[in-house]
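J.: The structure that follows is given in the form of structure tokens.
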2 protein chains.
Amino acid sequence: MTIPIFHAIGFVRSPYVRRIDAPHQPTVVEGLETGAVAEAWIDLDPALPPEAWCDLAGFERIWLIFVFHKSEGWKPKVKPPRGKGKRSVFATRSPHRPNALGLSAVELLAVEDHRLHVRGVDLLDGTPVLDIKPYVPYSDAFPHAKAGWIDEVDALTGLCFAPGPRKPR
Amino acid sequence: MTIPIFHAIGFVRSPYVRRIDAPHQPTVVEGLETGAVAEAWIDLDPALPPEAWCDLAGFERIWLIFVFHKSEGWKPKVKPPRGKGKRSVFATRSPHRPNALGLSAVELLAVEDHRLHVRGVDLLDGTPVLDIKPYVPYSDAFPHAKAGWIDEVDALTGLCFAPGPRKPR
């Protein structure tokens, strides 16, 4: 089985230029020292016809599947921002994974001409976007799903989000 | 910006051999004529060390990012199973998208030796898996997010899920 070659359908335009600037999770930015929830744009490939995305209007959130383009290889265990120890890379959202793919549910503010205005983005400026999907609560929202080691750390710390940006490794 | 070449970190072993056999969304299988919620396995690449995934134990759900390996090209508008009209491909979960990437939040039943036992899978047997991430409610669960045209169709039909399998195009 050959995996197809993917291409960017768009690029993120965000205020985060360096990895150290970006929060670890898009939805918790308000809880961080970095301040306000960042707004950003997805500049879509000019070759894509508007029919391909116009029906996104009315969706409150969209999924972005993107490339962690600053990722440099991976290790089986990584040190996440939450807690003290190392964790299995597939049990984290670390950028340093075998396939450097990222996933974020961001707020969709407006559908514009060849770009999407979004909020809650933790993505670096220039991030290549591979896919956009609608956020559909009945298939995507499981607010009570147990979250393994993350629940354990949160129970110890009394927090329910990761700490602010740290120096990248 | 060059998009890296991705490779399968595992393959789905499921009861769905043909596209016509698979339900449209993993979490709604109970609502379909096809009956029970399917169990399946993700056979992980034997070259991956167990440290890379063992901390997934304790997570109730995991995200699978996978390749729609039977997808054959794409069009800007597709006919989703829900409702009557065509919709923008990026406003649907159709397999026929510019980058044939799929996304499912499946139940994790057990972490075994080089495989994960899962439930709620709508994936075809042999589907290449590119990434596994933990399902984390605080960043992934938005149960009240408005869902555009899907909400409109559901309001008209009184249903909150898509109908059963149909003949693939």
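The values are calculated or read from the model by the stated rules, or taken from the named source; none is laboratory data. Computed from a predicted structure; not experimentally measured. Note that each Cβ is placed from the backbone with ideal geometry, even for glycine, and that neighbours are counted across all protein chains shown.
J.: Condition first: modelled with pLDDT of 60 or more and assigned to a loop (DSSP other than H, G, I, E, B). Now tell me which residues in segment A:25-57 satisfy that.
T.: Keep residues of segment A:25-57 that are modelled with pLDDT of 60 or more, which gives A:37-57.
Passing the criteria: A:V37, A:A38, A:D45, A:P46, A:A47, A:L48, A:P49, A:W53, A:A57.
J.: Only residues that are surrounded by 18 or more Cβ atoms within 10 Å (Cβ to Cβ), modelled with pLDDT of 95 or more, of a type outside the set (F, W, Y) and closer than 18 Å to B:A141 by Cβ: list them for segment A:123-149, please.
T.: Residues satisfying the conditions are A:K133, A:P134, A:V136, A:P137, A:D140, A:A141, A:A145, A:A147, A:G148.
J.: May I ask you to list the residues in segment B:50-62 that are in contact (Cβ under 8 Å) with a residue 60 or more places away in the chain and within 7 Å of chain A (Cβ to nearest Cβ)?
T.: Initially, segment B:50-62 is screened for residues in contact (Cβ under 8 Å) with a residue 60 or more places away in the chain, giving B:50, B:53, B:56, B:59-62.
Answer for segment B:50-62, where residues must be in contact (Cβ under 8 Å) with a residue 60 or more places away in the chain and within 7 Å of chain A (Cβ to nearest Cβ): B:W53, B:L56, B:F59, B:E60, B:R61.
J.: Is it fair to say B:F11 is under 16 Å from B:R119 (Cα atoms), among the aromatic types (F, W, Y), in contact with a helix residue (DSSP H, G or I) (Cβ under 9 Å, 6 or more places away or on another chain) and at pLDDT 80 or above?
T.: Values: under 16 Å from B:R119 (Cα atoms): yes; among the aromatic types (F, W, Y): yes; in contact with a helix residue (DSSP H, G or I) (Cβ under 9 Å, 6 or more places away or on another chain): no; at pLDDT 80 or above: yes.
Spelling it out, it is not the case that B:F11 is under 16 Å from B:R119 (Cα atoms), among the aromatic types (F, W, Y), in contact with a helix residue (DSSP H, G or I) (Cβ under 9 Å, 6 or more places away or on another chain) and at pLDDT 80 or above.
J.: For segment A:63-76, state whether one or more residues are assigned to a helix (DSSP H, G or I) and either more than 9 Å from chain B (Cβ to nearest Cβ) or at pLDDT 95 or above (or both). Let's see the steps before the verdict.
T.: Step one: filter segment A:63-76 for residues assigned to a helix (DSSP H, G or I), giving none.
So far as segment A:63-76 goes, no, none of its residues is assigned to a helix (DSSP H, G or I) and either more than 9 Å from chain B (Cβ to nearest Cβ) or at pLDDT 95 or above (or both).
J.: In segment A:33-89, which residues are under 15 Å from the mean Cα position of the chain (by Cα) and of a type in the set (F, W, Y)?
T.: Once the filter is applied, which keeps residues that are under 15 Å from the mean Cα position of the chain (by Cα) and of a type in the set (F, W, Y), segment A:33-89 yields A:W41, A:W63, A:F66, A:F68.
J.: Is it the case that A:L116 is in contact with a helix residue (DSSP H, G or I) (Cβ under 8 Å, 6 or more places away or on another chain), at pLDDT below 95, over 26 Å from B:L116 (Cα atoms) and not aromatic (F, W, Y)?
T.: no
J.: Check A:T92, A:T127 and return the single one that is touching a residue at least 60 places away in the same chain (Cβ under 8 Å) and of a type in the set (S, T, N, Q). Don't jump to the end; show me each part of the working.
T.: Working: A:T92 fails: touching a residue at least 60 places away in the same chain (Cβ under 8 Å).
The conditions single out A:T127.
J.: Go through segment A:81-91 and give me each residue that's among the charged types (D, E, K, R) and assigned to a strand (DSSP E or B). Walk me through it before giving the result.
T.: Within segment A:81-91, the subset among the charged types (D, E, K, R) is A:82, A:84, A:86-87.
Result: A:R87, single match.
J.: Would you check which residues across segment B:92-131 are part of a strand (DSSP E or B), more than 7 Å from every other protein chain (Cβ to nearest Cβ), under 30 Å from B:P76 (Cβ atoms) and among the aliphatic types (A, V, I, L, M) and list them? So that I can check it myself, show each step before the final result.
T.: Within segment B:92-131, the subset part of a strand (DSSP E or B) is B:101-112, B:115-119, B:128-131.
Those left that are additionally more than 7 Å from every other protein chain (Cβ to nearest Cβ): B:102, B:104, B:106-112, B:115-119, B:129.
Still in the running and under 30 Å from B:P76 (Cβ atoms): B:102, B:104, B:106, B:129.
Within segment B:92-131, B:V106, B:V129 qualify.
J.: How about segment A:3-18: which of its residues are under 15 Å from the mean Cα position of the chain (by Cα), assigned to a loop (DSSP other than H, G, I, E, B) and crowded, with 20+ Cβ neighbours inside 10 Å?
T.: A:S14, A:Y16
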